[in-house]
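The values are calculated or read from the model by the stated rules, or taken from the named source; none is laboratory data. From a predicted model like this one, the values you see are computed outputs, not experimental measurements. A quick note on method: Cβ atoms are made from the backbone with ideal geometry, for glycine too, and the neighbour counts reach across all protein chains shown. Heads up: the accessible areas ignore ligands, DNA and RNA and are worked out on the full protein's heavy atoms, side chains in. Shrake-Rupley method; radii C 1.70, N 1.55, O 1.52, S 1.80 Å.
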Amino acid sequence: MTKPTYYITTPIYYPSGDLHIGHTYTTVAADTMKRFKTLTGYDAYLLTGTDEHGQKIQKVAEAAGVSPQEYVDGQIEKIQALWKLMNIDYDQFIRTTDPEHVKTIQRIFKKLYDQGDIYKGKYEGHYCTPCESFWTDSQLVDGKCPDCGREVQTASEEAYFFRMSKYADRLIDYIETHPDFIQPESRKNEMLNNFLRPGLQDLCVSRSSFDWGVPVSFDPDHVVYVWMDALPNYISALGYLNDKENLMDRYWPADVHLVGKDIIRFHTIYWPIFLMALDLPLPKKVYGHGWILIKGGKMSKSFGNVVDPVVLAEKYGVDALRYHVLSDMKAGADGSYNEDLLVAKINADLANDLGNLLSRTAAMTVKYFGGVLPETREAAPLDEELISLAQETPARVEEYMNKLDYSRALEAVWNLISRANKYIDETQPWILGKDPEQAARLGAVLYNLTETLRYVTVLISSFMPETAQKIKGQLELTDEELTWESLASFGGYQDGKKIERHAPLFPRIEAEKSEEGGKSARADKAAAGKNAVQKQEKKKKKQEKKKDEHPAEITIEDFMKPEFVVGKIVSCEKHPDADRLLVSQIDIGTETRQIVSGIASQYSPEDMVGRQVIVVKNLKPVKLRGIESAGMILAADDGSSIALLGPDKELPAGSQVR
Ligand code: MSP
């Protein structure tokens, strides 16, 4: 029987700088899905690669004093080494400089030109070099790039255009009749309301002011505009209109394009329209994930806050890093990177929960049975809850994975791990071990734990492949015992194996190892032993205490008293007399308000400008360190990190919040 196919792609990355933890997150997520689909019986194919053309790359190469080709060749080695380190099992690494890709792009361009979808005109508008995007006057925000907020340049040149508007109605209809096409749901509404329904402009698809790109075959003064070069990588990789092996019939349409929220527009508007024009089916799903933020703001080389995945993987291990990004990024939402939290998570979930379950089970099997589980085992009603949870967990994990909800899938596995740890406390094997008459009962307890660990091993194998291999070795699991089908019934762990004690899977990390923990350790010797978990516990207690301090219920009338509105930050500067405070000028529709907020430890004035926030409008003005503050902006605070609240799509300043 032929297997169903599953084609998943990552974006192709710009090789203009080193890749960071955000890019690592997308690629690890795609790899985990490929592994999971393979495990559950699919013929899965993972594509990743690099987007090597464009003005930005040309400029970076010039600055480095090498040719663009030499520059990208050097970068590719580093990127591939990163994916090797992170255990990314891709099937193909596509480069937009591959001659076969170039052929595809030239042929697509010619075909669309011949059929009248592309025409020659004159381009007048604005160009954002870092984003490689053209913008019209109405799309600019305060005269700046709406995506990155940077300066744009005016541009006017002969160029080719794609007739986007011709396909807009078909696309709106497609999106409305295919609810799974754009996920999560909120991104779909954003695309429909902000871009498609207001009407699409024709898209400029060539440039003649630089030459690092795919030349238009019939007009070589022009190179193909980057998105029309980049997006078709998903089909050129499968041999579309080129001489590679034809994999189109097997894998197209893609099951999912996994992309970050900033490029969802290109994938759900330009790309489907190009495909419609080429008469090809559309991908089944485009999933737009959130961003990994640093202290609530963007990670960028210019802010000097880029988190290097190689450093983290070397410090904490590849699987710990994979686990961190997959479990801490909640489906579709932004997440925050914080090294203390990463350490706390490794200690709590990996060293304690999973690591201890394995080491306690192995140690007791060695101690009481010389490592070989007895074949005579006595079941008890206490076993049932653990067994049924183990049997239910695979379906739960699969359900969440089908929604690309990695963190919930992992949560389901950790539920099982916690249940197994609780089972140890309930059954007290160390007491059973003292009584020779209880050997069969003890045998059953240790068997159930080992069998649960087998389930866990299969379930985590897509997320943490190295860890699964380590447990496999320690429990002497065979390949047959690690199949998805083998989870159909509890009891698949075969007798006759010899379990041994090994070094801990995830040694606990002491505070010094984490940079942030290290700083506090150096600053205060007495606190040297305090690790991140303790810090977390303290924080939790503090939050609970805070909760208790405000137990009173309020009525709906009370709740209606404050007036909340959407405001847009027009400008922002540091308070002249207080390091903690920022002074923002905020457009709230009816006027511009000055508001002082205590968020300077986590947001810089540059982070603030252009943001939409929620403002408490009718708060009595006060002076904060001599500067008047007329209102308040809302933020969430977990004791160490602050996150500003705002609407999840741009709304006019002054919009009511209710
Ligand atoms: N070359 C284009 C993609 C073309 S796909 C046909 C591109 N490249 S990129 O290198 O700038 O970004 C690649 C991906 O990394 C995007 O999906 C982007 O959202 C993601 N990320 C960049 N920074 C990120 C975080 N801080 N967090 C999570 N993902 C982020 O765009």
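Compared with the rule-of-thumb size 2.2 N^0.38 Å for a compact globular protein, segment 338-488 has a Cα radius of gyration ratio of 1.06. Among residues other than HIS502 with Cβ under 12 Å from its Cβ, the summed charge is +1 (Lys and Arg +1, Asp and Glu -1). Between VAL152 and CYS145, the built amide H atoms are under 5 Å apart, and every one of these is 5 or more places off in sequence or on another chain. Once you divide the Cα radius of gyration of segment 575-658 by 2.2 N^0.38 Å, the number left is 1.06. Of the chymotrypsin sites (Phe, Trp or Tyr not before Pro) found in segment 192-275, the ones in coil according to DSSP and having at most 12 other Cβ atoms within 10 Å of their Cβ are PHE218. The ALA488 and GLN428 beta-carbon pair, evaluated with R₀ = 30 Å, returns a calculated FRET efficiency of approximately 0.45.
Take segment 338-488 with all the other protein chains still there, run a 1.4 Å probe, and you get 39 Å² of accessible area per residue. Among the trypsin sites (Lys or Arg not before Pro) in segment 596-633, those placed in a DSSP loop whose Cβ has at most 15 other Cβ atoms within 10 Å are ARG625. Accessible surface area normalised per residue over segment 563-604 is 44 Å², counting heavy atoms of protein chains with a 1.4 Å rolling probe. Measuring against 30 Å, Cα to Cα, the residue pairs LYS56/LYS315; LYS84/LYS261; LYS120/LYS188; LYS110/LYS284 contain LYS56/LYS315; LYS120/LYS188 as the ones spanning a longer distance.
Accessible surface for segment 66-148, divided over its residues, is 46 Å² per residue with a 1.4 Å probe.
Below 8 Å, C-alpha to C-alpha, sequence gap of six or more: please give me the relative contact order for segment 338-488 in percent. Relative contact order for segment 338-488 comes out at 28 percent. The alpha carbons of segment 603-645 give a radius of gyration and a Dmax of 11.8, 28 Å, in that order.
The value obtained for segment 17-125, namely the Cα convex hull volume divided by the number of residues, is 168 Å³ per residue. Distant-in-sequence amide contacts of GLY260, defined by a placed amide H-H separation under 5 Å and a gap of 5 or more residues or a different chain, comprise HIS289. Our summary gives the chain a relative contact order of 11 percent, counting only alpha carbon pairs under 8 angstrom and 6 or more residues apart. Of the beta bridges DSSP finds with both residues in the chain, what % are antiparallel, to the nearest 5? Percent antiparallel among DSSP bridges in the chain is about 70. Once the Cα-Cα distance is subtracted from the 0.36 nm per residue extended length, the GLU375 to GLU411 segment shows a gain of 9.7 nm.
Estimated at 0.36 nm per residue, the fully extended path between SER418 and ALA363 surpasses their Cα-Cα distance by 18.0 nm.
Surface composition of segment 338-488: carbon plus sulfur atoms hold 49% of the accessible area, using a 1.4 angstrom probe and ignoring ligands, DNA and RNA. Round to the nearest 0.05 the FRET efficiency obtained for SER388 and CYS148 when R0 = 60 Å and r is the Cβ-Cβ distance. The computed FRET efficiency comes out at 0.75. Taken along the Cα-to-beta-carbon direction at a fixed 7 Å, the label points for ALA636 and ILE172 span 3.4 nm. When segment 10-150 is described by a simple charge dipole with +1 on each Lys and Arg Cβ and -1 on each Asp and Glu Cβ, the residue from LEU85, VAL60, LEU112 located farthest towards its positive end is LEU112. For segment 402-417, putting each phi into the Karplus relation 6.51 cos²θ - 1.76 cosθ + 1.60 with θ = phi - 60° gives couplings of 5, 9, 6, 9, 5, 5, 6, 4, 5, 4, 4, 5, 6, 4, 5, 4 Hz, in residue order, rounded to whole numbers and with x for Gly and Pro.
Sparse packing (at most 11 other Cβ atoms within 10 Å of the Cβ) combined with a DSSP loop state is found for none of the trypsin sites (Lys or Arg not before Pro) in segment 316-408. Mean sequence separation of contacting Cα pairs (under 8 Å, at least six apart), scaled by the length of segment 145-205, corresponds to a relative contact order of 53 percent.
Computed from Cα atoms, the angle from the helix 439-460 axis to the main principal axis of the chain rounds to 10 degrees. Taking the three principal axes of the alpha carbon atoms in segment 300-339, the coordinate ranges are 28, 26, 12 Å, sorted in descending order. Under a 5 Å amide H cut-off, with hydrogens placed 1.01 Å from N, TYR6 pairs with ASP43, ALA44, TYR45 among residues at least 5 apart or on other chains.
Report, in whole Å, the centroid distance computed from the Cα atoms of segment 392-440 and segment 602-646. Each part's Cα centre sits 44 Å from the other's.
Segment 95-131 and segment 151-210 have Cα centres lying 15 Å from one another. Average projection, convex hull of the Cα set of segment 303-394: 9.5 square nanometres. Max-minus-min Cα coordinates of the chain on each principal axis give 90, 71, 51 Å, with the largest extent listed first. Under 11 Å from a label point 7 Å along Cα→Cβ of ASP262: give me every residue in segment 61-92 with its amide N that close. Under cut-off, by backbone N: nothing.
Shape class for segment 201-277, computed from the alpha carbon gyration tensor (a ≥ b ≥ c): oblate, with a/c not under 1.5 and a/b at or below b/c. Evaluating 6.51 cos²θ - 1.76 cosθ + 1.60 at θ = phi - 60° for every residue in segment 483-488, the Karplus couplings come out as 8, 5, 4, 5, 8, 4 Hz, glycine and proline recorded as x. One chain, two ends: ARG658 and ARG501. Fully extended at 0.36 nm per residue, the span grows by 50.7 nm beyond their Cα-Cα distance.
Kirkwood radius, segment 201-334, all distinct C-alpha pairs, inverse of mean reciprocal distance: 18.0 Å.
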